[in-house]
1. Mind checking the full-extension length gain between A:Ala241 and A:Asp187? Use 0.36 nm per residue of separation minus the Cα-Cα distance, one decimal, nm.
2. Out of all DSSP beta bridges in chain B, what portion is antiparallel? Express it as a percent rounded to 5.
3. Please give the helix A:202-224 orientation as an angle from the longest Cα principal axis of chain A, in degrees from 0 to 90, rounded to the nearest 10.
4. Would you tell me the mean number of C-beta atoms belonging to other protein chains that fall within 10 Å of each C-beta in B:99-108, as a whole number?
5. Place +1 on the Cβ of every Lys and Arg and -1 on the Cβ of every Asp and Glu in chain A, take the dipole about the Cα centre, and give the residue among A:Leu215, A:Val11, A:Gly37 whose Cα lies farthest towards its positive end.
6. Using a basic spin-label model with each label point 7 Å from the Cα along Cα→Cβ, how many nm lie between A:Val295 and A:Ala64?
7. In whole percent, and with a 1.4 Å probe on the protein chains, what portion of the accessible area of the range B:81-190 is carbon and sulfur?
8. What's the ranking of B:115-121, A:241-247, B:51-57, A:218-224 by average number of surrounding C-beta atoms within 10 Å, highest first?
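The values are calculated or read from the model by the stated rules, or taken from the named source; none is laboratory data. It should be emphasised that the depicted structure is a prediction, and the values quoted were computed from it without experimental measurement. In this analysis, Cβ positions are derived from the backbone assuming ideal geometry, glycine residues included, and neighbour counts consider all displayed protein chains. To get the accessible areas, we keep the full protein, side chains included, count just its heavy atoms, and leave off ligands, DNA and RNA. Shrake-Rupley method; radii C 1.70, N 1.55, O 1.52, S 1.80 Å.
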There are 2 protein chains.
Amino acid sequence: MKVLHTVREVVEWRTQNIDPRTQKSGFVPTMGCLHEGHLTLMREAKRENDFTIASIFVNPSQFAPTEDLDKYPRTLDDDIKLLEAEGVDVCFAPNAREMYPQGIPLQVKEQRGPFVTVLGVSEQLEGRTRPNFFRGVATVVTKLLNIVAPTRAYFGQKDFQQFTVLQVMARELFMNTELRMMPIVRDDAGLALSSRNRYLCAETLGRARSIYKGLSAAAALLEQAGASGAERAALLECVRAHWAPYEKSGEFKVDYVSIADSTKLQELEPRVPRDRDVVISCAVYVTDAEHPDTVVRLIDNVLVHAVQSSN
Amino acid sequence: MKVLHTVREVVEWRTQNIDPRTQKSGFVPTMGCLHEGHLTLMREAKRENDFTIASIFVNPSQFAPTEDLDKYPRTLDDDIKLLEAEGVDVCFAPNAREMYPQGIPLQVKEQRGPFVTVLGVSEQLEGRTRPNFFRGVATVVTKLLNIVAPTRAYFGQKDFQQFTVLQVMARELFMNTELRMMPIVRDDAGLALSSRNRYLCAETLGRARSIYKGLSAAAALLEQAGASGAERAALLECVRAHWAPYEKSGEFKVDYVSIADSTKLQELEPRVPRDRDVVISCAVYVTDAEHPDTVVRLIDNVLVHAVQSSN
C-alpha cells in the first residue's frame with residue numbers, strides 16, 4: 001500500500017494508474033482511529049471497484065473551538081497496518097496545511113478560502129449542537145473527492161445526517177462520484193462502533209447499549225403500526241423507557257431524539273406515517289462511571305422503510 | 001454544434017466523446033447576450049483545446065431580489081448563431097430547475113441545497129454592494145465545472161474579482177480544471193464591452209469611456225513611479241479628475257474606486273508599492289442621458305504588474 005501525504009502525489013498516482021473510462025475506484029474518507037465499521041467500508045469499496053483509496057485526516061473545520069479536536073484519537077501507525085491488511089491500494093494522510101492552504105483557524109470568523117454549506121439538511125439535529133459541523137464535513141469531502149476523483153465513495157449509516165448532507169451536496173453540485181451508505185456495524189450487544197467508545201469503561205459501555213435498544217424498540221413499534229402510522233409521542237416514550245434508569249441517575253443526558261423523514265430530515269408529528277422512509281435518531285451525552293469527568297456524546301439511528309402502497 | 005439542455009446530456013456527450021487521458025477540453029461559462037469579449041474567450045478555448053464547450057445560463061443565485069434578473073438581456077437564438085460561427089462544439093443551455101433541483105428563490109433565507117462561499121476575497125468591492133453575488137457565482141461555476149469537467153475554463157478580466165474568487169475556489173477545493181483569465185476587450189475608445197452597455201444611448205456610452213481613461217491614467221502614474229511607489233491619494237485623484245464633469249452633473253455616481261493587491265484584494269494605503277501586482281478597479285452607476293430612469297452599474301479595471309526587483 002502506498003501512503004501519500006500530498007495532494008499532488010495522489011493526483012499523479014491516480015492519473016498514472018487509473019483509466020477513468022474503463023476502471024472504477026472506491027474511496028473511503030476517514031478521520032482514522034479505524035474500527036470494524038471503517039473496515040467494512042474498505043471491504044465493500046474493494047469488492048466493487050478496481051482500486052481502493054482511503055484517507056485519514058482529522059478535519060479541523062468540522063470541530064468547534066469548544067470540541068475535542070486536540071484530544072481526538074490519532075493512531076496513524078495502527079491505522080496504516082489495518083488498511084494494508086485489507087488490501088487498500090493508497091492511503092492519503094495529509095496534514096491540515098495541505099488541505100487548507102490558507103490555514104484553518106477554528107474560529108469561523110477568522111477562516112479564509114472556499115467552504116461548502118448545504119442548506120436545509122444541516123441546521124437541525126447534529127447541526128443544532130454543532131452549527132458548523134456539516135459545513136466542515138461538506139468542505140473537506142468536496143476537497144477529497146476532487147483530489148481522489150473516485151467512481152464511488154463509502155460512508156457509514158451511523159452518521160446518517162452526514163450522509164444526507166453529502167448526498168444532497170453531491171447530487172446538486174453534480175459531482176461525478178456515486179455516494180454509497182453502508183449499514184451500521186454494532187458490537188454483539190448492539191452498541192454502534194465509534195472511535196469515541198474507547199473513552200468509556202466497560203460498565204458504561206454496557207449502559208450505552210441501551211441507546212440502540214430504545215431506538216430499535218421504537219422502530220419495531222412503528223413497523224407494527226397499521227397504515228395510519230403511529231403516534232410520535234408513543235414512539236418517543238418507547239425510546240426513553242429504555243434509557244430511564246440512566247437518565248434518572250444522570251449518566252445519560254439526552255441531546256435529542258428525532259423521528260424524521262429520512263430524505264429531508266423534517267420531524268414527523270403528531271403522527272409518524274408508514275408511507276415514508278423514516279429515520280429515528282439520537283445523540284446522548286454519556287458520563288463515564290469510572291471517570292466522571294469524561295463525557296462522550298454518542299449518536300445512533302435506525303431506519304424504518306415505508307410500507308409499499310398496495311394500489 | 002450541439003445545443004444541450006440537461007446535465008445528463010452533457011455528461012453523456014463528454015464521456016462518449018472526450019478521452020480525458022489524451023484530449024483537452026476548454027469551457028467558457030456565460031450568461032449569454034454574447035459580445036466580442038465572450039467570443040475572444042471562445043477563440044482562445046478553441047485554440048488551446050481539442051473540444052470547446054460554452055454554457056449560457058442566467059444564474060439566479062448571483063442576483064439579489066432588488067437586481068435586474070428579470071430584465072437581464074436574453075438573446076439565446078442570436079447567441080447560438082455566434083457560438084456556431086466560432087466552431088464551438090457544444091452549447092449547454094439549461095433552465096434554472098435543471099441547475100437548482102430544489103428551485104432557487106432569490107431570498108437567501110428561503111434557499112435550499114449546496115452553496116459555495118469563498119471567504120476573504122468575496123466581501124469587499126463588488127461583494128459590498130452585492131453581498132451574495134460571489135456565493136452565487138462560485139456555486140454555479142462549481143456545478144458547471146462538475147458537469148462539463150473541462151481541462152481549462154476561460155474568464156474575462158473585466159470581472160477581475162470574480163476571477164480571483166474562482167481561482168481561490170478552484171485551487172483550494174482542488175478542482176481538476178485550470179482557470180484562465182483573458183484580457184478585457186474594449187471598444188475603439190476604450191470602453192470595456194459589457195452586455196449591459198446596450199441599455200445606454202450613444203451619448204452616455206461616450207461619457208462612459210472616461211471610466212477607462214481615469215483608470216489607465218492612474219495606472220500610468222503608478223507605472224512611472226519609482227521603487228517607493230505612489231501615494232494612494234494621488235492615484236485616486238488622478239482617476240476622479242477624468243470623471244469630475246460627470247460626477248458633478250450627476251450622470252456618474254461612484255460606487256467604489258479600489259487600489260488593491262491583485263491576489264488578496266486588500267486595499268493598499270497610504271502608499272501603493274511597486275513590488276506587488278496591483279489592480280485598480282471601480283464600479284460606477286451611470287445614468288442614461290436619453291432615459292434618466294435607466295441607471296446601469298458599470299465595472300472596469302486595470303492591472304499594474306510589479307517591477308521585478310533587481311537583486
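1. 17.3 nm
2. Of all bridge pairs located within chain B, approximately 55 percent are antiparallel.
3. It is inclined by approximately 70 degrees.
4. Mean shielding count: 1.
5. Result: A:Val11.
6. 1.2
7. Answer for the range B:81-190: carbon and sulfur cover 48 percent of the accessible area.
8. Output ranking for B:115-121, A:241-247, B:51-57, A:218-224: B:51-57, B:115-121, A:218-224, A:241-247.
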